[in-house]
Amino acid sequence: MKNRLRVLRAERGWSQADLAARLEVSRQSVNAIETGKFDPSLPLAFRLARLFEATIESIFVEDGAPTEQGPAKPEV
Amino acid sequence: MPLCNRHLSPLQRRSIQLFGANLTLTAVLTMGAHEFYKQAHPAVVFVYLLAGVLTIPVIGVIVVAGRYLKRETDEFIRMMVVQSLLWGLGVTFAMDTFLGGLFAFPEIYRLIPILNLDLFCVTCGFALRIQLWRNR
């Protein structure tokens, strides 16, 4: 699952450690979510959305989901 | 890096201490049981009882791991610990199968005095270290 976490974090000038402290998780968790290695649970996704004052759908984008540029190309 | 001495949470520190205590208990009980078997030649009922006592640290490790997983709030760390436990189980089962194959040859089998719990805990520790390094 792709996400805009790195962008949102950079907009606020927070380091991964800052965000981790605000979410009360490890920095490794933040890094793993940002790099797409780990999809957070629904409670953590809600905490992220609340922290960034955004909706979950605006932070996380399902792989292959249609974007603003148009529908995703089917996988070959 | 989490699970390093400097960054351990009280829960992680306590769980590692309890893991260590169970490992020490395993070593003490196993050595004590072997000495007891050799010197006292106990009745069969005592042999069964002692064999049951030897399972206490094994159950203890499972309880400690379960308690940790239940209380750990960081889901990514929890996932890495679960994966490490699975590696520990996998390697222990594989080694057990390997040693089972050698059981018919006592002269070889006697040379490999590895305890399941030691192997499990050491493998879990290595697997967790590697995962923490990969996700540093």
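The values are calculated or read from the model by the stated rules, or taken from the named source; none is laboratory data. The structure displayed is predicted, hence computed values, not measured ones. Backbone-built Cβ (ideal geometry, glycine too); neighbour counts: all protein chains shown. Each accessible area value is taken on the protein alone, full model and side chains, heavy atoms only, with ligands, DNA and RNA left out. Shrake-Rupley method; radii C 1.70, N 1.55, O 1.52, S 1.80 Å.
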- Quotient of Cα Rg and 2.2 N^0.38 Å for segment A:1-59, N being how many residues it contains: 0.97
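Just counting partner chain Cβ atoms within 10 Å, what average do the residues of peptide A:18-28 show around their Cβ?
On the way: counts 0, 0, 1, 0, 0, 1, 2, 6, 13, 5, 12.
If you average over the peptide's residues, the count of other-chain Cβ atoms is 4.
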- Using a ≥ b ≥ c from the Cα gyration tensor of the protein assembly as shown (square roots of the eigenvalues), is it rounded, prolate or oblate, where a/c under 1.5 gives rounded and otherwise the larger of a/b and b/c decides, a/b for prolate? prolate
- Quickly work out the B:ARG134-to-B:ARG67 label distance, labels modelled 7 Å from Cα along the C-beta direction, and quote it in nm with one decimal. 3.0
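Return the value, in Å² to the nearest 100, of accessible area buried between chains B and A (probe 1.4 Å, both sides summed). Intermediate results must be reported in sequence, preceding the final value.
Numbers: alone 9410 and 5400 Å², together 13900 Å².
Heavy-atom accessible area buried at this interface is about 900 Å².
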- Task: For B:THR55 paired with A:PHE46, estimate the spin-label separation in nm (one decimal), with each label point 7 Å from Cα along the Cα-to-Cβ line.
- Result: 4.1
- Query: With each pseudo-label sitting 7 Å past Cα toward Cβ, what's the A:ALA21-B:VAL122 distance in nm, one decimal?
  - Reply: 4.0
- Across peptide B:76-82, how many C-beta atoms of other chains are within 10 Å of each residue C-beta, on average? 4
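Per residue, how large is the accessible surface of the protein assembly as shown? Use a 1.4 angstrom probe and give square angstrom.
Numbers: 13900 Å² over 212 residues.
On a per-residue basis, 66 Å².
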